[in-house]
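Read through the structure below, which is laid out as structure tokens, and then see the notes.
The values are calculated or read from the model by the stated rules, or taken from the named source; none is laboratory data. All figures in this text were calculated on a predicted structure; none of them were measured in a lab. Please note: Cβ atoms are built from the backbone with ideal geometry, for glycine as well, and neighbour counts cover all protein chains shown.
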Amino acid sequence: MDQRVSNLVNLAELPVGASATISQIAGGGELRRRLSGLGLRVGTRIRIEHRRGSGMVVASGSVRVALGGGIVDKLVVTLADPDTTASNRPERR
């Protein structure tokens, strides 16, 4: 079995601090356009910054985006390799 396929999980399952790459958006064209306007597309690397209820704040580079639970449930991600996660975090000043 392909290793990448086995790493697919729903974004809602990830803990704070986890990194992943968006693999699928299980919504219609309008949701895809809205997320694209926020910089979130298939292939975008994200990190979970904060959770509140079913919603969360994710970061992509220096951009942070708050997502409601309905949107979080529609995003399928591939878990990031733990060895590369620390090297992709921006430096804190």
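Computed quantities for the displayed model
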| read-out | value |
| --- | --- |
| Residue within segment 9-25 that is β-branched (Val, Ile, Thr), at pLDDT below 95 and loosely packed, with under 13 Cβ neighbours inside 10 Å present | no |
| Any hit, segment 85-92, residues being surrounded by 12 or more Cβ atoms within 10 Å (Cβ to Cβ), outside any loop (DSSP other than H, G, I, E, B) and either among the acidic types (Asp, Glu) or at pLDDT 95 or above (or both) | no |
| Residue within segment 50-64 that is surrounded by 12 or more Cβ atoms within 10 Å (Cβ to Cβ), farther than 17 Å from Val9 by Cα, modelled with pLDDT of 95 or more and of a type in the set (A, V, I, L, M, F, W, C) present | yes |
| Segments classed as helices (runs of 4 or more DSSP H), wholly inside segment 1-73, with at least 3 members that are among the charged types (D, E, K, R) | 29-37 |
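The rows are residues; the columns are (1) out of contact with any Ser or Thr (no Cβ under 7 Å at 6 or more places or on another chain); (2) hydroxyl-bearing (Ser, Thr, Tyr).
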residue	(1), (2)
Ser19	no, yes
Gly28	yes, no
Leu31	yes, no
Leu40	no, no
His50	yes, no
Met56	yes, no
Ser62	yes, yes
